[in-house]
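See below for the structure under consideration.
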Amino acid sequence: MEKKLAVYQQTKQALKAPQTIERFAELLGETGAKSFLNGVAIAVAGNEQLQNCEPMSIIQAALQSATLRLSVDPSLGQAYIVPFGNKATFVCGYRGYEQLALRTGKYRYINVANIYAGQTVVEDQLRGTHSIETTDKMNKGEIIGYLLYFELRDGYSKTFYMTAEEIVEHAKRYSKSYGYKTSAWTTNFHEMARKTVLRLGLSTYGYFNPQDAAIVQAVDDMGDDENIIDAEWMTQQEEKPPMSEDEALDALGFGKAKVDTAGDPA
């Protein structure tokens, strides 16, 4: 317990350090840096596993998210700071990949559609696109696949389809936590499946800004990406109720009174 508290105190100090604030201000501006660091503070204060992570790994994960200009607010689903042992890791969320694509200005539409029992996805082998055929026996209670569709402003369009079985095989191959009862593939299969199809489809056939793509690829190359994505959802299965924003900020020393007197981010 004492070791955990010591690490937690180091994290609090690291988040409020002048050099930390200055580094984030270079990326986001002074006001943006303060708001972003508040989000990081809330994430750490509300997650006991993160409180046990090496402080600099939290800062590094936060920097990766800030560089991509993605919020770490879990409610937005753009990016997450998640614990892996005693180190924190940046995870790009479903909405994060979507935002990275949309900000290029090249996309007219992006959507991942659920394919239900009673529907058939037909591939046009010449065009490389898919269409959906629906029967009267369609059952919206059973999802059998996920179909990505995107269209660029220049008229180019593409579809990417994976059945639920193919997604399961993909998860078994790349996710070490697949099969565990606490794994996201068990507790949030639908969201994990949608994210997998979006990420694989856009990475293979779509377009990201080269700088953004390089950052995301560098993060993916650091480890088992699908296993990292699992942690995104596993960390949301907290049993105790989350702290309020004021409680979280106060726990990390970002309380309004301290901000007013010391100039710390608020």
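Read-outs: derived from the displayed coordinates by stated rules, not from any lab. None of these values were measured; they are calculated from a predicted model. Every residue, glycine among them, receives a Cβ derived from its backbone with ideal geometry; neighbour counts consider all protein chains shown.
List of remarks:
- Under-5 Å amide H pairs with Gly93, H placed in peptide plane, nonlocal only: Ala79, Tyr80
- Unsatisfied cross-links (Cα-Cα over 21 Å) in the set Lys106/Lys158; Lys16/Lys87; Lys12/Lys181; Lys140/Lys181: Lys12/Lys181; Lys140/Lys181
- Each peptide in 118-131, 23-36, 135-148 gets a packing score, the mean of other Cβ atoms within 10 Å over its residues, and the list from highest to lowest is 23-36, 135-148, 118-131.
- For the pair region 100-157 and region 1-73, the centres of their Cα atoms are 38 angstrom apart.
- At q = 0.16 Å⁻¹, base-10 log of I(q)/I(0) for region 39-117 (Debye sum, equal scatterers on each alpha carbon): -0.62
- Kirkwood hydrodynamic radius of region 46-171, from inverse mean 1/r over distinct Cα pairs, in Å: 17.3 Å
- Length added when fully stretched, Gln9-Leu126, from 0.36 nm per residue minus Cα-Cα: 36.1 nm
- With K and R counted +1 and D and E -1, the other residues having a Cβ less than 12 Å from that of Arg194 yield a net charge of +1.
- Descending by average beta-carbon neighbour count within 10 Å, the peptides 187-194, 52-59, 14-21, 78-85 line up as 78-85, 52-59, 187-194, 14-21, the highest first.
- Added length on full extension, which subtracts the Cα-Cα distance from 0.36 nm per residue, Thr204 to Lys137: 20.8 nm
- Across region 89-106, coupling constants 3J(HN,Hα) worked out from phi with the 6.51/-1.76/1.60 Karplus curve, θ = phi - 60°, read 9, 7, 10, 7, x, 4, 5, x, 4, 5, 5, 4, 6, 5, 5, 5, x, 9 Hz, and Gly and Pro carry x.
- Residue separation of Ala164 and Leu102 scaled by 0.36 nm, minus their Cα-Cα distance, works out to 19.7 nm of gained length.
- By the Kirkwood approach, averaging reciprocal distances over each pair of separate Cα atoms, region 105-207 gets a hydrodynamic radius of 14.7 Å.
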